[in-house]
Amino acid sequence: PSGTWSLKTMAVALRSAMQAMRRFPRRGGGHHDHHPTGPQPPNGFLFNEKPLLAGESRPAESWEAWYNVGMISCLAICVVSVFGPRESWHDWARPIAEQRVKELDASKGSA
């Protein structure tokens, strides 16, 4: 069948993936690469962020707006799919088809 992977195809895909991993080795440093001043020592607060003073607000990260858009979109799709109308094309096409059949029968009967 065209939709299945043979053992030979999987072996070729695995071999090419292994070659790609060898070609592009990991860089050292991991998640500390984005700190311009280097990793900071622990200060006892969650994520090394000191609590805000009264009246201060935390500046938004660059990814937060897109995250919120994505999450709200997923929630809206889920709500519509669960609570949306349960109509298929059969529900609106059947009356039209029955009307056309009646019109054809009436035209054949009068002819």
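Rounded to the nearest Hz, the phi-derived 3J(HN,Hα) couplings of segment 6-21 under the Karplus curve 6.51 cos²θ - 1.76 cosθ + 1.60 (θ = phi - 60°) are 7, 4, 5, 5, 5, 5, 5, 5, 5, 5, 5, 5, 5, 5, 5, 5, where x marks glycine and proline. Our coupling estimate for segment 72-82, obtained by passing each phi through the Karplus curve with A = 6.51, B = -1.76, C = 1.60 and θ = phi - 60°, is 5, 5, 4, 4, 5, 5, 5, 5, 5, 5, 7 Hz, Gly and Pro reported as x. Compared with the direct C-alpha span, the chain from ARG22 to ILE72 gains 14.1 nm at full extension, assuming 0.36 nm per residue.
Here the Karplus relation 6.51 cos²θ - 1.76 cosθ + 1.60, evaluated at θ = phi - 60°, turns the backbone of segment 50-63 into coupling constants of 6, x, 7, 6, 4, x, 7, 10, 7, x, 6, 6, 5, 8 Hz, with x for every Gly and Pro.
A short reminder: the numbers here are calculations on the coordinates, not readings from a lab. Since the model is a prediction, treat every value here as computed from it, not as a measurement.
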